[in-house]
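Asker: My structure is below; once you've seen it, I'll send some questions.
The values are calculated or read from the model by the stated rules, or taken from the named source; none is laboratory data. Everything numeric here is computed off the predicted structure, so don't read it as measured data. Positions of Cβ are backbone-derived with ideal geometry, glycine not excepted, and every protein chain shown enters the neighbour counts.
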């Protein structure tokens, strides 16, 4: 990925060459409108913002489809059933379709921390210890 960024940012590369290479890499994965967007971004020297455009597009698409991403942080690798049950529970709570992304982070010690949009559900051991330490300081 960094090689592509370096290629795109290299001032020695002609825009026409940049366009040929990028379109050749993407040829079977994009339609004419995306091809035109890439050409426009190259022409205006803005190709490096393409990942951000893709990210915003995904967010808008998910919002339109009523899908919300849940960032699930656990200390150990969960079973598929555990994740599926957790996602079903979150879908009931938020009344939306949830796409779960699991991250393993041993620093939470145990339990689960879930981030859905602006909502954080911290049922981790680390979170409980932090709350206890805060309470004891007061």
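Asker: Take residue 87 and tell me if it is in the same structural domain as residue 14 (by TED's automatic domain parsing), modelled with pLDDT of 90 or more and part of a helix (DSSP H, G or I).
Answerer: Working: in the same structural domain as residue 14 (by TED's automatic domain parsing): no; modelled with pLDDT of 90 or more: yes; part of a helix (DSSP H, G or I): yes.
Taking the combined requirement at face value, the residue does not satisfy it.
Residue-by-condition table, conditions (1) closer than 26 Å to residue 99 by Cβ; (2) in a helix (DSSP H, G or I); (3) at pLDDT below 90:
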{"site": "8", "(1), (2), (3)": "no, yes, yes"}
{"site": "11", "(1), (2), (3)": "no, no, yes"}
{"site": "18", "(1), (2), (3)": "no, yes, yes"}
{"site": "39", "(1), (2), (3)": "no, yes, no"}
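Asker: Sticking with this one: Just one of (1) assigned to a helix (DSSP H, G or I); (2) more than 30 Å from residue 97 (Cβ to Cβ) trips up residue 33, so point out which.
Answerer: Here residue 33 meets the rest and fails (2).
Asker: Looking at this structure, is residue 45 assigned to a loop (DSSP other than H, G, I, E, B), over 20 Å from the mean Cα position of the chain (by Cα) and not assigned by TED's automatic domain parsing to the domain that holds residue 127?
Answerer: yes
Asker: When you scan region 60-83, do you find a residue that is closer than 27 Å to residue 6 by Cβ and more than 22 Å from the chain's Cα centre (by Cα), even just one?
Answerer: No, region 60-83 contains no residue that is closer than 27 Å to residue 6 by Cβ and more than 22 Å from the chain's Cα centre (by Cα).
Asker: Now for a different question. So residue 97 fits all but one of (1) surrounded by 12 or more Cβ atoms within 10 Å (Cβ to Cβ); (2) in contact with a helix residue (DSSP H, G or I) (Cβ under 7 Å, 6 or more places away or on another chain); (3) within 30 Å of residue 129 (Cβ to Cβ); what number is the exception?
Answerer: Only one criterion in (1) surrounded by 12 or more Cβ atoms within 10 Å (Cβ to Cβ); (2) in contact with a helix residue (DSSP H, G or I) (Cβ under 7 Å, 6 or more places away or on another chain); (3) within 30 Å of residue 129 (Cβ to Cβ) is unmet by residue 97, namely (3).
Asker: Let me ask something additional. Within region 90-123, restricting attention to residues that are part of a helix (DSSP H, G or I) and touching a residue at least 12 places away in the same chain (Cβ under 8 Å), which residue is nearest to residue 59 (Cα to Cα)?
Answerer: Top of the filtered list is 94.
Asker: Looking only at region 20-28, decide whether some residue is outside the structural domain of residue 122 (by TED's automatic domain parsing) and part of a loop (DSSP other than H, G, I, E, B).
Answerer: yes
Asker: Sticking with this one: Output the number of residues of region 60-84 satisfying the condition of being surrounded by 12 or more Cβ atoms within 10 Å (Cβ to Cβ) and assigned to a helix (DSSP H, G or I).
Answerer: Residues in region 60-84 being surrounded by 12 or more Cβ atoms within 10 Å (Cβ to Cβ) and assigned to a helix (DSSP H, G or I): 4 in total.
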